[in-house]
Amino acid sequence: MDDLKAKYLGQIAEAADEAAIEAIRVAAVGKKGEIALMMRELGKMTPEERQTAGPALNALKDEINSALAAKKAALADAALDERLRSEWLDVTLPVRPRRQGTLHPISQASEELTAIFAEMGFAVAEGPRIETDWYNFDALNIPGHHPARAEMDTFYMHRAEGDNRPPHVLRTHTSPVQIRSMELQGAPIRVICPGGVYRADYDQTHTPMFHQVEGLAIDKGISMANLKWTLEEFVKAFFEVDDVELRFRASHFPFTEPSAEVDIRCSWEGGQLKIGEGDDWMEILGSGMVHPKVIAAGGIDPEVYQGFAFGIGIDRLAMLKYGIPDLRAFFDSDLRWLRHYGFAALDMPNLHGGLSR
Ligand code: 2NL
């Protein structure tokens, strides 16, 4: 019986996992295990032999059972220790700095100017970038022979042979959105139409895709005085100056009559632009009274209603406001470029009290 005890306690000590423990339990103290077999032998013994062998077998059985239980607990402890070691996390480590995305300066300028015009009662309208030549040209009184319509300036969509739809172009301005707004809403109407436009032009100061905001106000008795006030309010709010002088220069656009290009008073001292003071003038937009033919093209009676309209390049507005000297910065996907030019919105405070980098 001492051999038996040594054998099983030795096996238990060696057992590496729960399966091994279970195998030992079945072999030693299971229903058909070695101790059960020996219990069956008790019947063949004399009463005296039985009196010592019986309790001894029971004691051995108890001892093996508690050794099994102790080993099982020890294995479970070891497994937990191992898990704690391998899954340990230092929750006191500082977070890794993360670079955050920010609004593109053109988007930011768009949002700012939209908010300014919204305060003056202008709704925002958007429309397709692929337009028919009617919405992009004819409705705007731009005749077929007009230079803006020449293939060199306008991107025409490819047309398969036998396609009888009207020619489609990438819109060259957002005016078609205003024609669509007039058709949908009628008069009176006040809308601005910001968005991307396309012209086949690429050099230091032109990119084939750029951004424009056009504005349109149509009502009874609208005059150039309304246009001038609206633009003055816009320029003051956008450039954050108390006062600004605008200069209207006679010009020509097919869709307005009369037409005016608008300059703002400014100074360039030591390469620093100041708006609203100085002896220089800087052109910022084109405008005029909407041509009666264009009002009619929008489905509104030009005998009853008149209106003003204007068009501004958003890319250049953003460059002027944020001091970005080169158009190419807008098309460089690495925002550190823009930060280099001090575009402040890129240095936004983050939740951890620092600046995004
Ligand atoms: C420019 C010129 C301008 C307009 C755009 C317009 C739109 C309609 C009717 C009449 Cl639906 N006019 N838009 C008017 C004058 C000038 O833009 O040089 N922009 C940078």
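Worth pointing out:
- Centroid-to-centroid separation of region 121-171 and region 186-245 [C-alpha atoms, Å]: 20
- Summed side-chain charge close to His206 - residues other than His206 whose Cβ falls under 14 Å, Lys, Arg +1, Asp, Glu -1: -2
- Relative to the longest principal axis of the Cα atoms of the chain, the long axis of helix 175-185 makes an angle of roughly 90 degrees.
- Partners of Lys61 within straight-line reach, counting lysines whose Cα lies under 19 Å from its Cα and excluding those fewer than 8 residues away in the same chain: Lys5, Lys7, Lys31, Lys32, Lys71, Lys72.
- Choice from Gly271, Gly186, Gly313 showing the highest fluctuation, given a GNM over the chain with Cα pairs closer than 10 Å: Gly271
- Per-peptide packing, taken as the mean over residues of other Cβ atoms within 10 Å, places 251-257, 279-285, 74-80 in the sequence 251-257, 279-285, 74-80 from highest down.
- Comparing Ala115, Pro166, Gly144 along the charge dipole axis of region 95-169, the residue lying farthest to the positive side is Ala115, per the Cβ-charge model.
- Rounded tilt (10° steps) of 47-86 against the dominant C-alpha axis of the chain: 20
- Local electrostatic count, Leu84, Cβ distance below 15 Å [Lys/Arg +1, Asp/Glu -1]: -3
- In this entry, region 105-344 is assigned a mean projected area of 14.3 nm², taken as a quarter of its C-alpha convex hull surface.
- Taking GluC sites (Glu not before Pro) across region 26-128, the ones in a DSSP loop with at most 15 further Cβ atoms lying within 10 angstrom of their Cβ are Glu87, Glu126.
- Each Lys or Arg adds one and each Asp or Glu takes one away; over the other residues whose Cβ falls under 13 Å from the Cβ of Glu240, this sums to -1.
- For the chain, a crude dipole built from +1 on the beta carbon of Lys and Arg and -1 on the beta carbon of Asp and Glu, taken about the Cα centre, is about 1280 debye to the nearest 20.
Bear in mind these aren't lab numbers, they're just calculated from the coordinates by the rules spelled out. These numbers were taken from a predicted model, which means no experiment stands behind them. Heads up, the Cβs are rebuilt from the backbone with ideal geometry, glycines too, and the neighbour counts pull from every protein chain shown.
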